[in-house]
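Here is the structure we will look at, set down as structure tokens.
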Amino acid sequence: MCKLTEGFEAQYTRPVDFKKLAFFDRHLASLRPCSILEFGCGHGLILQNLRDCDAVGVEIDESEAAIARANGLDVRVGHAGRYDAGRKFDVVIASEVIEHMIEPQSLLANAARHLRSGGVLLLSTPNGYGYYELSERHLNPRYLIRSNNLLRRLLGKAPYKRGDSFDHCQWFTMWQLLRMTRKAGFSLIQQENSDFITGSEFDIQLASRLPYWLVSGWYFAFRYEASDR
């Protein structure tokens with residue numbers, strides 16, 4: 001494994017991250033070996049666990065993509081909503097990506113373009129109104145001040161624009177996501193809650209017993225069926 005620069009995780013360590021990998025692995029188990037395209041792969045925390053597959057990553061940040069390539073992964077620089085790999089895949093993964101996109105429907109449409117009929121989309125994203133988003137954004141004074149353009153103008157700072165940073169651009173409800181995925185041609189196979197507050201072992205077990213609207217995030221597996229239209 002390559003040496004990572006400061007600020008980059010070398011591997012997952014939290015129980016909530018292992019829970020996500022286990023969810024993805026359950027849905028990949030019957031497909032392996034398979035071809036996989038991951039949008040927003042970062043420096044390859046998921047891809048490095050898929051070396052038995054024909055796996056390609058797409059990452060918009062050149063520094064993260066460079067770290068992934070130095071670690072022997074096939075990662076290209078591109079936008080998740082526009083990148084064209086020029087081929088079809090069995091599986092598309094989009095982990096903690098769609099909430100960063102100004103046009104989230106473009107990611108789903110691009111996933112559909114890259115999937116064979118019957119292919120699988122594995123997607124994870126925060127609950128837009130769960131504890132994590134409430135504490136990090138909606139009820140976080142630092143975020144509210146930093147994104148307030150009246151205050152920024154008074155302080156002589158450039159206007160805050162959604163999509164100009166790695167901040168989240170979207171705050172989804174479950175039904176918004178399901179409506180968007182249906183529109184793109186996907187049908188739900190399974191949904192699982194991620195964590196409630198801390199991401200600890202007890203916390204992820206608790207989240208599995210809580211209603212979907214109360215938890216901090218979700219994992220989804222979708223099936224894509226190409227339209228004849």
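Values quoted throughout were computed directly from the atomic coordinates according to the rules given, and no laboratory measurement underlies them. None of these values were measured; they are calculated from a predicted model. Methodologically, a virtual Cβ is constructed for each residue, glycine included, from the backbone with ideal geometry; neighbour enumeration extends over all protein chains shown.
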_Local electrostatic count, Val75, Cβ distance below 12 Å [Lys/Arg +1, Asp/Glu -1]_ = -4
*For Cys41, Cys169, what ranking results if the residue with the fewest other Cβ atoms within 10 Å of its Cβ goes first?*
Cys169, Cys41
*asked:* Apply the Karplus curve 6.51 cos²θ - 1.76 cosθ + 1.60, θ = phi - 60°, to the phi angles in segment 103-113 and return the couplings in whole Hz, x for Gly and Pro.
replied: 10, x, 5, 5, 5, 5, 5, 6, 4, 4, 5
*What is segment 114-229 by shape, rounded, prolate or oblate, if you read a ≥ b ≥ c off the alpha carbon gyration tensor as root eigenvalues and call it rounded for a/c under 1.5, prolate for a/b larger than b/c, and oblate otherwise?*
oblate
_Between 0 and 90°, nearest 10: helix 15-29 axis offset from the chain longest Cα axis_ = 30 degrees
*Mind scanning Lys19/Lys161; Lys20/Lys183; Lys157/Lys183 and naming the pairs with a C-alpha gap bigger than 28 Å?*
Lys19/Lys161; Lys157/Lys183
*asked:* Report the gain in length on full extension from Ala158 to Leu21: 0.36 nm times residue separation, minus Cα-Cα distance, nm rounded to one decimal.
replied: 45.4 nm
*Computed FRET efficiency, Cβ-Cβ of Tyr129 and Asp54, R0 35 Å: what is it to the nearest 0.05?*
0.40
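Looking at the chain only, what percent of DSSP beta bridges run antiparallel? Nearest 5 please.
Restricted to the chain, the bridges split so that about 45 percent are antiparallel.
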*Counting only C-alpha contacts under 8 Å and six or more residues apart, can you give the relative contact order of the chain as a whole percent?*
21 percent
*Please work out whether the chain counts as rounded, prolate or oblate from its C-alpha gyration tensor, where a ≥ b ≥ c are the square roots of the eigenvalues and a/c under 1.5 means rounded, while otherwise a/b larger than b/c means prolate and anything else oblate?*
rounded
*How far apart, in nm, are two points set 7 Å out from the Cα along the Cα-to-Cβ line at Ile102 and at Met174?*
3.2 nm
*Amide H to amide H, which residues 5 or more places from Ser117 or on other chains are under 5 Å from it, using H placed in the peptide plane?*
Ala226
*When the Karplus curve 6.51 cos²θ - 1.76 cosθ + 1.60 is applied with θ = phi - 60°, which whole-Hz ³J(HN,Hα) does each residue of segment 142-156 get, with x for Gly and Pro?*
4, 5, 4, 5, 5, 9, 8, 6, 5, 5, 4, 5, 5, 8, x
